[in-house]
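Enquirer: Mind looking over this structure? Questions follow.
The values are calculated or read from the model by the stated rules, or taken from the named source; none is laboratory data. A quick note: this is a predicted structure, and the numbers were derived from the prediction, not measured. Backbone-built Cβ (ideal geometry, glycine too); neighbour counts: all protein chains shown. Only protein heavy atoms, including side chains, enter the accessible area calculation; ligands, DNA and RNA are left aside. Shrake-Rupley method; radii C 1.70, N 1.55, O 1.52, S 1.80 Å.
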Amino acid sequence: MKNQNQDDRQRDTFRIVNQSVRKLDAIGLATGKREFTDDIRQPGMLETAFLRSPHAHAKIVSVDTSEADNLPGVHAIVHHFNTPHVMHTTAGQGFPEPSPYDTLMFNAKARFVGDPVAAVAAETSEIAQKTVSMIRVEYEILEPVLGINDALKPGSPIIHDEPDCHMPIPVPYHPDKNIAALSEFEVGDIDSGLKHADMVFDRSYKTHYTSHCAMEPHAVIAWIDPDNRLIIRCSTQVPFHVRRIVAHVLQIPVSRIRVIKPRIGGGFGGKQEVFLEAVAGMLALRTSRPIRMVLTRKEVFTSARTRHPQVMRMRTGINKDGTVTTVELDTTMNTGAYGSHALTVVCNTGAKVLPLLNKASNVAFRARSVYTNLPVGGAYRGYGATQGSFALNVQMDEMARAARVDVVEMWRKNHIRTGETSPVFKALGEGTEGVEMIIGSCGLPECIDRGVEEIDWYKYRDKKLREGDEIHGVGMACLMQGSSIPEIDMASASIKINEDGSFNLLVGATDLGTGSDTVLAQIAAETLGVSTNKILVYSSDTDLTPFDVGAYASSTTYLSGEAVRRAAENIRLNIMETAADIWGTDIQKLTVKQDTITCPDTGRRLSFADIAVSALYNRNQHQIQATASAISHRSPPPFSAHFARVAVDINTGSVRV
């Protein structure tokens, strides 16, 4: 009960934060009135379709559109030979992006089955699809590279042989060897640690492709407004990165582009990519007509982004009591045809996993991302940590069995704790050197205790409990993640007060359906001393909201929330200063509580509405408003323990969780 009491006391210190509140968009979503990207129709909107490569690796010799051009209702056909050749990455990351510039809007080579070769804008979807079938492409078929071992063989076909293909930051990049990224570090002495360990384990693990399967497919609506600006309404996690990347690819000023994010039907990293918006923008510019571009579900699976498959070798040394003294993780990641997130994901495989084993004095990480002619990997929930956690937790189970130690006890013995640090934090970040960091809080012991109790661990573990034809067993895993990318990620927020004491909160942070608009409203309301229905949130419009790197790296509550808190603190101070001016008193004598400023010395009270009206109309007229930014200097990790009970039918092999 001790931990529960602590939680209750902490909850009691907040009125809004850490309390259950209605999600701001709940009613609109439940009644079907909230609009997603594809719910908007513009007059004269053109439909689009892609011609995609049927070959895994082929040079595009020519594209013949002469027959298709004459089809009634066709307004534009774009391909490699009539679009700008601007090298970029589709990874929606901070600038300069830690991903190679290895792609064009339409490439001179097709590098996987589904790679876009051309796009059509036409009056109807049927005409666009028919036009695609009439485009004639001459391919020079090249030998494909269909596995990471093949990619690394001497003399293997080079997938990226463009002379202007490059990495925008100074890290190892060797496209001539099909290597999109390299990373490694070592602390202590791995060979010596393994030599002196009581038991040594050397295992390899593989993880596979997976798709995000968001309810909403990738979608873009683009049009030219009356001021000749390109407006892009899209399902994205990173509107400000979309604006910057599209401006770069189309070679037009950022000031000519506005990106609007409506409601989003899930992202999970898949919508941290910018691979449709520039094409839609180009078609809007070419036709001067609104463009609708929505991927089919098949296209999402074949031509969007996936989780990166990895092959991991883990070597560990342990003492007889189960203490892990040495751990080395060597991983090769399949980035697919392009290097989107190739460096940062593979770095996270070590950075977000290895610090968990804090008793190990010898730690090493060696990693490479490899180009293949397979689907393109990208950001995906967990972002590399998922793959590394799989290898670590399977090996922890194997080590525990060999040492005859309960895996629960093995985790309790080895995991990092509050007040501790790890050399991995400093040695390894997302693509660059990390930062020194001490764990400020770690609830992993409580998570483990709770899981053991809830799943009745000792009843099932190491016992063949049989119910009919099923045998039941239990397993567990421990994980850690991070919160934002330190010294890189930044967020901003703006707040202004209205005559009725309500507040407009403008944030660049992107709500993907996760409820971040509501969370940020809670933070603002708690700081200001008002209810959440007084906070009117507008998020992610590059013309109207301040800058935010976007929704990724588990950063919105921690980083964007801090920007909101600072802005709310500033406007709270501004409100108090205005009240002090009205009364001609010292601000130090005033208190704030529930929409009201009070002067205890005189008993006088002013509501926020009174103060707003006075500021706007009566005395020292000004708009009470504030803007603040926040950058993360640390990436405090959340921790978790996961437990599962599984039943296996011994006759059929069917598995039931």
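Enquirer: Going by the conditions given, is Glu216 buried (at least 24 other Cβ atoms within 10 Å of the Cβ) and touching a Gly at 6+ places or on another chain (Cβ under 7 Å)?
Expert: no
Enquirer: Right, Ser99: over 30 Å from Ala491 (Cα atoms), in contact (Cβ under 8 Å) with a residue 40 or more places away in the chain and open to solvent by less than 60 Å² (accessible area, probe 1.4 Å) or not?
Expert: It is false that Ser99 is over 30 Å from Ala491 (Cα atoms), in contact (Cβ under 8 Å) with a residue 40 or more places away in the chain and open to solvent by less than 60 Å² (accessible area, probe 1.4 Å).
Enquirer: Output the residues belonging to the stretch 476-485 that are surrounded by fewer than 21 Cβ atoms within 10 Å (Cβ to Cβ) and within 13 Å of Glu562 (Cβ to Cβ).
Expert: Of everything in the stretch 476-485, just one residue is surrounded by fewer than 21 Cβ atoms within 10 Å (Cβ to Cβ) and within 13 Å of Glu562 (Cβ to Cβ), namely Ser483.
Enquirer: Within the stretch 117-158, which residues are crowded, with 21+ Cβ neighbours inside 10 Å and either modelled with pLDDT under 95 or touching a Ser or Thr at 6+ places or on another chain (Cβ under 7 Å) (or both)?
Expert: Those that are crowded, with 21+ Cβ neighbours inside 10 Å and either modelled with pLDDT under 95 or touching a Ser or Thr at 6+ places or on another chain (Cβ under 7 Å) (or both): Val117, Ala119, Val120, Ala121, Ala122, Ala128, Val145, Ile148, Ala151.
Enquirer: Next question. Going residue by residue through the stretch 375-385, is there one that turns out to be more than 26 Å from Ala337 (Cβ to Cβ) and among the charged types (D, E, K, R)?
Expert: No.
Enquirer: Right, something else. What helices (runs of 4 or more DSSP H), lying completely within the stretch 408-473, carry at least 3 residues that are among the hydrophobic types (A, V, I, L, M, F, W, C) and more than 14 Å from Ser640 (Cβ to Cβ)? Outline the logic, then answer.
Expert: Numbers: elements: 423-427, 444-455, 457-460.
Per the criteria, 423-427.
Enquirer: Against the condition surrounded by fewer than 22 Cβ atoms within 10 Å (Cβ to Cβ), part of a helix (DSSP H, G or I) and either at negative phi or modelled with pLDDT of 95 or more (or both), how does Leu29 come out, does it pass?
Expert: For Leu29, the condition - surrounded by fewer than 22 Cβ atoms within 10 Å (Cβ to Cβ), part of a helix (DSSP H, G or I) and either at negative phi or modelled with pLDDT of 95 or more (or both) - is met.
Enquirer: Is there a residue in the stretch 385-398 that is part of a loop (DSSP other than H, G, I, E, B) and either open to solvent by less than 10 Å² (accessible area, probe 1.4 Å) or over 23 Å from Glu328 (Cβ atoms) (or both)?
Expert: Within the stretch 385-398, the first condition is being part of a loop (DSSP other than H, G, I, E, B), and the residues that meet it are none.
Within the stretch 385-398, none of the residues are part of a loop (DSSP other than H, G, I, E, B) and either open to solvent by less than 10 Å² (accessible area, probe 1.4 Å) or over 23 Å from Glu328 (Cβ atoms) (or both).
Every residue, every condition in (1) closer than 29 Å to Val537 by Cα; (2) modelled with pLDDT under 95, yes or no:
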{"position": "Glu569", "(1), (2)": "yes, no"}
{"position": "Gly584", "(1), (2)": "no, yes"}
{"position": "Val592", "(1), (2)": "yes, yes"}
{"position": "Phe608", "(1), (2)": "yes, no"}
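Enquirer: Follow-up question, since we're still on this one. Of the numbered conditions (1) among the small types (Gly, Ala, Ser); (2) surrounded by fewer than 21 Cβ atoms within 10 Å (Cβ to Cβ); (3) at negative phi, Ala364 satisfies every one except a single condition; which is it?
Expert: Every condition holds for Ala364 apart from (2).
Condition check ((1) more than 30 Å from Ser235 (Cβ to Cβ); (2) open to solvent by less than 30 Å² (accessible area, probe 1.4 Å)) across all residues:
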{"site": "Lys271", "(1), (2)": "no, yes"}
{"site": "Leu283", "(1), (2)": "no, yes"}
{"site": "Thr326", "(1), (2)": "yes, yes"}
{"site": "Met333", "(1), (2)": "no, yes"}
{"site": "Ala342", "(1), (2)": "no, yes"}
{"site": "Pro355", "(1), (2)": "yes, yes"}
{"site": "Lys359", "(1), (2)": "yes, no"}
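Enquirer: Oh, and also: Return the total of residues in the stretch 546-561 being on the phi < 0 side of the Ramachandran plot and open to solvent by 40 Å² or more (accessible area, probe 1.4 Å).
Expert: Matching residues across the stretch 546-561 total 3.
Enquirer: If Thr48 satisfies every condition in (1) assigned to a loop (DSSP other than H, G, I, E, B); (2) open to solvent by 10 Å² or more (accessible area, probe 1.4 Å); (3) not acidic (Asp, Glu) but one, which is the exception?
Expert: (1)
Enquirer: Looking at Asp511, Asp500, Asp543, can you tell me which residue is assigned to a loop (DSSP other than H, G, I, E, B), touching a strand residue (DSSP E or B) at 6+ places or on another chain (Cβ under 8 Å) and surrounded by fewer than 22 Cβ atoms within 10 Å (Cβ to Cβ)?
Expert: Working: Asp511 fails: surrounded by fewer than 22 Cβ atoms within 10 Å (Cβ to Cβ); Asp500 fails: touching a strand residue (DSSP E or B) at 6+ places or on another chain (Cβ under 8 Å).
Unique residue meeting the criteria: Asp543.
Enquirer: In the set Leu329, Leu343, which member is within 19 Å of Ser204 (Cβ to Cβ) and either hydrophobic (A, V, I, L, M, F, W, C) or assigned to a loop (DSSP other than H, G, I, E, B) (or both)?
Expert: Going through Leu329, Leu343 in turn, just one is within 19 Å of Ser204 (Cβ to Cβ) and either hydrophobic (A, V, I, L, M, F, W, C) or assigned to a loop (DSSP other than H, G, I, E, B) (or both): Leu329.
Enquirer: Identify, by number, the condition in (1) farther than 25 Å from Leu285 by Cα; (2) at pLDDT below 95 that Asn70 doesn't meet.
Expert: That leaves (1) as the condition not met.
Enquirer: Kindly indicate the residue of the stretch 248-259 that is hydrophobic (A, V, I, L, M, F, W, C) and open to solvent by 10 Å² or more (accessible area, probe 1.4 Å) and also farthest from Leu285 (Cα to Cα) among those meeting that condition.
Expert: Selected residue: Val254.
Enquirer: Just to be sure, is Ala128 over 29 Å from the mean Cα position of the chain (by Cα), of a type in the set (Gly, Ala, Ser) and assigned to a helix (DSSP H, G or I)? Outline the logic, then answer.
Expert: Working: over 29 Å from the mean Cα position of the chain (by Cα): yes; of a type in the set (Gly, Ala, Ser): yes; assigned to a helix (DSSP H, G or I): yes.
Taking the combined requirement at face value, the residue satisfies it.
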